[in-house]
Amino acid sequence: MNEVAIRPYRPADHGAGRNLCAELATHHGVLYADPGHGGADPGAAFEEYLTRLDLSGVWVAEHPVDGVVGLVGLIMDGSSGQVEPVVVARTHRGQGIGRALLGRVADEARRRGLEKLTVRPQARNEQALRCLHAAGYDVLSAVELTLDLHPGGGSGDRDDVALHGVRFRS
């Protein structure tokens, strides 16, 4: 991790940011056995993301050889902030880059006097959940439930998660 620098996003980072968002969408498609997740161009959502009026900052992790290998953004909502997205290139995961990106966005939230910072990982993304917990995101503040309207309850195997003694599919 020592060789990776966390810095503000620049317009020249657009292609790398788009690729990272496409990689994230593809990863979510694998997690949920939905190869069409993200549509025909999963990186296209990055352009829409950059136009959000509540987007307050974007930072990248830059490797001296591989270029931009991570991205994190801060969405403002009054005195709260939301981390969206946080993504590290698959080839660079497990090196502390995600934690460094999360630390940078948390520093910015503190600097701006925000009261809390939240993040909404996919329920099945165990690796992300463990990383976020290790980075200090240990307060369970909300639960989002879904009614799956696919015939047969959707595709792919689902893991069960227990919360307050109630079992949920993830």
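For the range 94-123, give me the residue count where each residue is within 13 Å of the chain's Cα centre (by Cα) and of a type in the set (D, E, K, R).
Count: 2.
Would you tally the residues in the range 79-108 being touching an Asp or Glu at 6+ places or on another chain (Cβ under 9 Å), open to solvent by 10 Å² or more (accessible area, probe 1.4 Å) and farther than 15 Å from residue 125 by Cβ?
6
Only residues that are small (Gly, Ala, Ser) and surrounded by fewer than 14 Cβ atoms within 10 Å (Cβ to Cβ): list them for the range 109-126, please.
Filtering the range 109-126 for residues small (Gly, Ala, Ser) gives 109, 113, 123.
113 - this is the single residue of the range 109-126 that is small (Gly, Ala, Ser) and surrounded by fewer than 14 Cβ atoms within 10 Å (Cβ to Cβ).
With respect to residue 57, is the statement that it is surrounded by fewer than 18 Cβ atoms within 10 Å (Cβ to Cβ) and assigned to a loop (DSSP other than H, G, I, E, B) true? Reasoning before the result, please.
Details: surrounded by fewer than 18 Cβ atoms within 10 Å (Cβ to Cβ): yes; assigned to a loop (DSSP other than H, G, I, E, B): no.
In short, no.
Okay, residues lined up against (1) within 27 Å of residue 136 (Cβ to Cβ); (2) touching a helix residue (DSSP H, G or I) at 6+ places or on another chain (Cβ under 8 Å); (3) not in a strand (DSSP E or B):
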| position | (1), (2), (3) |
| --- | --- |
| 17 | yes, yes, yes |
| 24 | yes, no, yes |
| 27 | yes, yes, yes |
| 61 | yes, yes, no |
| 70 | yes, yes, no |
| 76 | yes, no, no |
| 81 | yes, yes, no |
| 85 | yes, yes, no |
| 91 | yes, no, yes |
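With 145, 117, 149 as the choices, which residue is assigned to a loop (DSSP other than H, G, I, E, B) and modelled with pLDDT of 85 or more? Write out each step before concluding.
Working: 145 fails: modelled with pLDDT of 85 or more; 117 fails: assigned to a loop (DSSP other than H, G, I, E, B).
Answer to the selection: 149.
Is it the case that the range 14-33 has a residue that's open to solvent by less than 60 Å² (accessible area, probe 1.4 Å), touching a residue at least 60 places away in the same chain (Cβ under 8 Å) and more than 30 Å from residue 150 (Cα to Cα)?
So far as the range 14-33 goes, no, none of its residues is open to solvent by less than 60 Å² (accessible area, probe 1.4 Å), touching a residue at least 60 places away in the same chain (Cβ under 8 Å) and more than 30 Å from residue 150 (Cα to Cα).
Would you please list the contacts, defined by Cβ atoms under 7 Å and residues six or more apart or on different chains, that run from a residue in the range 116-132 that is under 25 Å from residue 79 (Cα atoms) to a residue that is part of a helix (DSSP H, G or I) and open to solvent by 100 Å² or more (accessible area, probe 1.4 Å)?
Short answer, once both residue conditions are applied: 131/99.
Does residue 36 count as at pLDDT below 95 and open to solvent by less than 60 Å² (accessible area, probe 1.4 Å)?
When the stated conditions are applied, residue 36 passes them.
Quick grid of which residues meet (1) farther than 28 Å from residue 14 by Cβ; (2) touching a Ser or Thr at 6+ places or on another chain (Cβ under 6 Å):
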{"site": "88", "(1), (2)": "no, no"}
{"site": "117", "(1), (2)": "no, no"}
{"site": "125", "(1), (2)": "no, no"}
{"site": "128", "(1), (2)": "no, no"}
{"site": "143", "(1), (2)": "yes, no"}
{"site": "159", "(1), (2)": "yes, yes"}
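The values are calculated or read from the model by the stated rules, or taken from the named source; none is laboratory data. Everything numeric here is computed off the predicted structure, so don't read it as measured data. Cβ: placed from backbone, ideal geometry, glycine included. Neighbour counts: every protein chain shown. Ligands, DNA and RNA are excluded from the accessible area calculation, which covers all protein heavy atoms including side chains. Shrake-Rupley method; radii C 1.70, N 1.55, O 1.52, S 1.80 Å.
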